[in-house]
Amino acid sequence: ERRERERKLSKEMAEKATKELEKMQLQEKAEVKYKEWLKKKRAEEAEKKKKEKEKEKVREAELQEKKAKSEKIFKEWLHNARNKPRPVLNGYGFPRGKSTGLYFYYTYVVI
């Protein structure tokens with residue numbers, strides 16, 4: 001009986017040891033896979049940030065170009081506006097710059 005008990009105990013101990021060994025191997029595999037996944041994820045994030053920086057640089061360049069073009073067009077308009085002749089005040093009620101006629105309200109106001 002004693003030998004049988006010892007055999008059973010040693011068998012149970014051996015089974016426990018193999019189960020624990022398998023459990024540890026599984027944990028190691030899981031840890032390795034997690035590390036690989038984490039490394040892959042970080043690489044993807046770095047690539048994403050790099051692409052965003054490139055897009056931002058392109059956007060900045062476009063904005064700068066647009067601003068320069070706008071300034072150039074404004075300066076051209078300003079230069080052309082100075083050289084244009086001024087309109088003569090020959091509208092309704094202002095022939096030669098003096099108020100006369102029906103269309104000027106203040107002409108008919110009695111002071």
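Remarks
- Every residue from region 55-89 that is open to solvent by less than 100 Å² (accessible area, probe 1.4 Å) and modelled with pLDDT of 95 or more: GLU56, VAL58, GLU60, ALA61, ALA68, SER70, GLU71, ILE73
- Some residue of region 3-10 being open to solvent by less than 100 Å² (accessible area, probe 1.4 Å) and modelled with pLDDT under 95: yes
- Pair list, Cβ under 8 Å, 6 or more apart: region 34-55 residue among the basic types (Lys, Arg), other residue part of a helix (DSSP H, G or I): none
The values are calculated or read from the model by the stated rules, or taken from the named source; none is laboratory data. Since this is a predicted model, take the numbers as computed values, not measurements. Glycine gets a Cβ as well: all are built from the backbone with ideal geometry, and neighbour counts include every protein chain shown. Surface areas here come from the heavy atoms of the whole protein model, side chains and all, with no ligands, DNA or RNA. Shrake-Rupley method; radii C 1.70, N 1.55, O 1.52, S 1.80 Å.
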